[in-house]
Each structure stands twice: as C-alpha cells, then as structure tokens.
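Trainee: Can you keep this structure in mind? I'll have questions shortly.
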Amino acid sequence: MRLALASPSRCTMITAMNATVTKFKALKVSALVAMAALSSMASPAQALDQKVMDALVPHKALYEIKMVSKDSGSQILNISGQMFYEWRPECEAWVTDHRFNLMYEYADSAPMKITSDFSTYETFDGKEFNFSSRRKRNGELYQELRGIGEFPVAAEESEVSTGEAVYSMPDGLIFDLDQGVLFPMAHTVKVLEYAEAGKRFFHATIFDGSDEEGPVEINTFIGDRVNAMARLDDTNKNMDTTLINTPARKVRMAFFPLAEPNADAEYEMDVVFHDNGIISDMLVEYRDFSVTQKLVALEKLPENDCTDR
C-alpha cells in the first residue's frame, strides 16, 4: 500500500525515495500478475469490511533501513537510516505520520542526508484525504507538498462519483481521480479483505499525495501464511512481540506510474503483512538497488474514545 501498507503503503506500505533516490516508494508486481489482477478492481463505493477495520491495531514503529544489493554500474555506494511510522484511528478518520532519516553515499559525489516528514488524514468513508510533507537535503528544505483529495457525495445513488486531488503546495497542481481510485488506508483494508477471502491477486489505483506524479497502479500478490516471530529478535526490549505473534502473510506489490502505461514497475516490494495492519519486514527492489526495512521497535497505542466508525 504506498505505506499506509503502510502505504503499508509507498506510504503503509508506504514511501520516501524516488528514482533519484530522494524518496522511498512501494512496489509493483510482474506483468503476468497485473493481467491476473485486472478482474479484481476495487471501487471506493464498496463499503470497507468492518471486521477487518476493527482488527487493525493503533501503533508506532521504528524501522532500520539498509541497502542489501546494487547493480555493478550503480553510482550509489550505500543507503542507511531509519523510518518512524505511527498509525491511529480518530473519530472520523485514520491518521498516519512518517518520518525518514536517510544517508546516501555515492561513488562520485559527497554523501547526502535526506530527512522527510509525511502526514495524512483519511476519512473512513474514503471520501476525503488530506496530506502534507516536507523534505530536506542536508538540512535545506527542497520540497513541500500539501493538499486534499476528495470524492464528492453523489446526488443520486446511481451517479458515478469521480473526484480530484488539489494541491495547495505547489499551488495549481490538480489530478483527476477516477471512480475506483483508493486512498492508502482503504487500499490496506482491501488487501486484508482479499487475503481473508482467500484471494491471491488484487489490482487497484491509489493516490497518496507523497509526490507530484499523481495516482499509481499497484498490483498485489497475496502469498501464504508466514511465522513472523522467526524473523525477529525476541530479546529486543523495545518490541511488543504480542503484536508480532499474530497471523501474517507474505505479500508482494508492484507499483506502476499511470503517466507511463507501458512501463515496467518502478519498484517491487515484499512485505510480511499482519492481519492487525502491522508490517514486520520489508524488502524494496528498485531497478538498480534493493533495501530492507527491518522492524526494530514497536509499541501499541491506546484506543481512542470513539466507538462509531
């Protein structure tokens, strides 16, 4: 999910590096998976499964990011850093906060430190999505994004609902959102719904506001159950293992820009995705390098007082 699956989406799943290695994104699967997934198009008009939503656990997590492979011709020597992620439901919406602190080392230039903050507010009905982000390069602000995505309430039940994403920073940037476009947390819930139903493939178009490129297509393959505890250091005092010792699956996603309909995936991602919405492990494969995102700290957040979602 662009880390909400965590956009896990580019968000959770998250989420902050681009092709110039200043933004971390999520992934997309092979063309074969894409073809198989076309029959599973989502629609925002479909109500999200309340059982799946109720199983999501508010939490904050810290991930260690490391480069694990690169092509021989790559100018990138190393990438390392951390990502902080917090997710919680409020009375009418999901709220997420991401903070990245990354160091890039290059063969032919000085190291570069990239920090970023990204926050979202997504209503449970999928009609409104507020987003904002700030990115700094070696302490200097170089990008600031802010805006809102909306699907207006249809006057009649039979009316097709289309929306738009309007940026206030940069001013004047607008993207049309076709019927079927999902925001990050809705995408996360839909992936879990498909997994619960025993379905293997899910195809969706999402908008997460993490860049100036607009909606992207995500093809998802839902794999088998895995034992997430076997991948973790259970002596880590900063880890609430009760949140990890829960049902989990291997999920692979591939991300494709709508602006380049015939292009290969920008990147692909393997994640260990829990039924409670937590991602405990992640491998992101870009075209010339790969990075891991390992969970090193996890804490459950208190439930809010709102009972009616």
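The values are calculated or read from the model by the stated rules, or taken from the named source; none is laboratory data. All figures in this text were calculated on a predicted structure; none of them were measured in a lab. With ideal geometry, Cβ positions are generated from the backbone for all residues, glycine too; neighbour counts draw on all protein chains shown.
Trainee: Condition first: out of contact with any Lys or Arg (no Cβ under 8 Å at 6 or more places or on another chain), of a type in the set (A, V, I, L, M, F, W, C) and farther than 29 Å from residue 55 by Cβ. Now tell me which residues in the stretch 78-124 satisfy that.
Mentor: If the condition is that a residue be out of contact with any Lys or Arg (no Cβ under 8 Å at 6 or more places or on another chain), of a type in the set (A, V, I, L, M, F, W, C) and farther than 29 Å from residue 55 by Cβ, then 107, 110 are the ones that fit.
Trainee: On to the next question. State which residue is farthest from the chain's Cα centre (by Cα) when the search covers only the stretch 57-92 and only residues that are aliphatic (A, V, I, L, M) and at pLDDT below 95. Spell out the reasoning first.
Mentor: Of the residues in the stretch 57-92, the ones aliphatic (A, V, I, L, M) are 57, 61-62, 65, 67-68, 76-77, 79, 83.
From what is left, the residues that are at pLDDT below 95 are 76-77.
Values: 76: 24, 77: 26 Å.
Among those residues, the one meeting the criterion is 77.
Trainee: Would it be correct to say that residue 263 is more than 17 Å from residue 62 (Cα to Cα) and surrounded by fewer than 20 Cβ atoms within 10 Å (Cβ to Cβ)?
Mentor: Yes, satisfied.
Trainee: Among (1) of a type outside the set (D, E, K, R); (2) more than 19 Å from the chain's Cα centre (by Cα); (3) surrounded by 17 or more Cβ atoms within 10 Å (Cβ to Cβ), which single condition is residue 98 missing?
Mentor: (2)
Trainee: So which residues in the stretch 266-288 are more than 22 Å from residue 231 (Cβ to Cβ) and surrounded by fewer than 20 Cβ atoms within 10 Å (Cβ to Cβ)?
Mentor: 287, 288, listed by residue number.
Trainee: If a residue has to be assigned to a helix (DSSP H, G or I) and either over 25 Å from residue 275 (Cβ atoms) or within 14 Å of the chain's Cα centre (by Cα) (or both) to count, how many in the stretch 167-210 make the cut? Outline the logic, then answer.
Mentor: First pass over the stretch 167-210, keeping only residues assigned to a helix (DSSP H, G or I): 184-196.
Checking which are either over 25 Å from residue 275 (Cβ atoms) or within 14 Å of the chain's Cα centre (by Cα) (or both) leaves us with 184-192.
Within the stretch 167-210, residues that are assigned to a helix (DSSP H, G or I) and either over 25 Å from residue 275 (Cβ atoms) or within 14 Å of the chain's Cα centre (by Cα) (or both) number 9.
Trainee: For residue 60, only one of the following conditions fails: (1) buried (at least 17 other Cβ atoms within 10 Å of the Cβ); (2) closer than 21 Å to residue 276 by Cβ. What is its number?
Mentor: Against the list (1) buried (at least 17 other Cβ atoms within 10 Å of the Cβ); (2) closer than 21 Å to residue 276 by Cβ, residue 60 comes up short only on (1).
Trainee: For the stretch 194-214, name all the residues that are more than 21 Å from residue 248 (Cα to Cα) and buried (at least 21 other Cβ atoms within 10 Å of the Cβ). If you could, list the steps in order and put the result at the bottom.
Mentor: Here is the first cut: in the stretch 194-214, the ones more than 21 Å from residue 248 (Cα to Cα) are 204-214.
Matches in the stretch 194-214: 204, 206, 207, 208, 209, 210.
Trainee: Considering only residues that are out of contact with any strand residue (DSSP E or B) (no Cβ under 9 Å at 6 or more places or on another chain) and part of a loop (DSSP other than H, G, I, E, B), which ones fall in the stretch 55-109?
Mentor: 72, 73, 91, 108, 109
Trainee: Can you pull out the strands (runs of 3 or more DSSP E) entirely within the stretch 211-309 that have at least 2 residues that are more than 27 Å from residue 104 (Cβ to Cβ) and not small (Gly, Ala, Ser)?
Mentor: By residue number, 216-225, 248-257, 267-274, 289-300.
Trainee: Another question about this same structure. Only residues in the stretch 124-137 that are over 20 Å from residue 166 (Cα atoms) count as the first member; pair them with residues that are of a type in the set (Ser, Thr, Tyr) and at pLDDT 95 or above, Cβ under 8 angstrom, at least 6 apart or cross-chain, and list the lot.
Mentor: 136/115; 136/116; 136/142
Trainee: Here is a further query. Take the residues in the stretch 104-157 that are within 25 Å of the chain's Cα centre (by Cα) and at pLDDT below 95, then tell me which one is surrounded by the most Cβ atoms within 10 Å (Cβ to Cβ).
Mentor: This residue is 126.
Trainee: Among the residues of the stretch 220-247, which ones are surrounded by 14 or more Cβ atoms within 10 Å (Cβ to Cβ) and either within 28 Å of residue 287 (Cβ to Cβ) or at pLDDT below 90 (or both)?
Mentor: Passing the criteria: 220, 221, 222, 223, 226, 231, 232.
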